[in-house]
Amino acid sequence: MGYSDEEELATNDLEMHFIEIPKFEKKNPGTNTKLEQWLWLLAGKEEKLEMARKENKEIDKAIDIINQMSMDEKEWNLYISRQRAIWDYNTGMRTAKEEGIEEGARLEKLEIAKNMLKEKVDIQTIEEITGLTKEEIEKLAENK
């Protein structure tokens, strides 16, 4: 960039490194540093890339994005359909779990109220402790 001294700073805000991929490949370093891992992604050497994927999950994400970007329209539509099915399944499972937890808590409150009614605890106290309504407690008392 017109600088005679290679170590001279052009700016404090920007640092530039020039890496020649063929020279990098010839040197054949490992995948010890993040820079080496990313360079193997750029070089596209499968055996080194697999090692980099295991050590750096960000490389794995980048490869997924590259694969998505290289899909044709039919592959992309299949991919999106599968992703939507996975999202729908996960949402359904999460919703079912939340509903199950809520129902379990409700059944537990009803069981506590039944036991309190057996011990002749007044309805107002049962309301305060369980959070059930007066009508729900009276209905339990009738079904004893």
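Rule-based calculations on the coordinates, nothing more; no lab input. Predicted model, so just to flag it, every value in this text is computed and none were measured. FYI the Cβ positions are ideal-geometry reconstructions off the backbone, even for glycines, and counts take in every protein chain you see.
List the GluC sites (Glu not before Pro) within segment 77-144 that fall in a DSSP loop (any state other than H, G, I, E or B) and whose Cβ has at most 11 other Cβ atoms within 10 Å.
Glu119
Do any of Lys54/Lys97; Lys27/Lys57; Lys23/Lys61; Lys26/Lys74; Lys27/Lys61 go past 30 Å between their Cα atoms, and which?
Pairs exceeding the cut-off: Lys54/Lys97; Lys26/Lys74.
How long is the gain from Ile80 to Leu14 if the chain were fully straight, where each residue apart is worth 0.36 nm and the alpha carbon distance is subtracted?
Additional length available on full extension: 19.9 nm.
Given an 8 Å cut-off on Cα distances and at least 6 residues of separation, report the relative contact order of the chain as a percent.
On the way: 55 pairs, mean separation 15.1, N = 144.
It rounds to 11 percent for the chain.
If exposed chymotrypsin sites (Phe, Trp or Tyr not before Pro) are those in a DSSP loop with at most 15 other Cβ within 10 Å, what is the longest stretch of the chain that has none? Don't jump to the answer; show the numbers that get you there.
Values: sites that count: Tyr3, Phe18.
Between the exposed loop sites, the longest stretch runs 19-144.
Based on the Cβ-Cβ distance of Lys23 and Met69, what FRET efficiency does E = 1/(1 + (r/R0)^6) give at R0 = 22 Å, to the nearest 0.05?
0.20
Express in nm, to one decimal, how much length is gained between Glu111 and Ile123 on full extension, taking 0.36 nm for each residue of separation and deducting their alpha carbon distance.
2.9 nm
Find which of Ile137, Ala105, Met69 sits farthest along the positive direction of the dipole of segment 55-144, computed with +1 on the beta-carbon of Lys and Arg, -1 on that of Asp and Glu, about the Cα centre.
Of Ile137, Ala105, Met69, it is Ile137.
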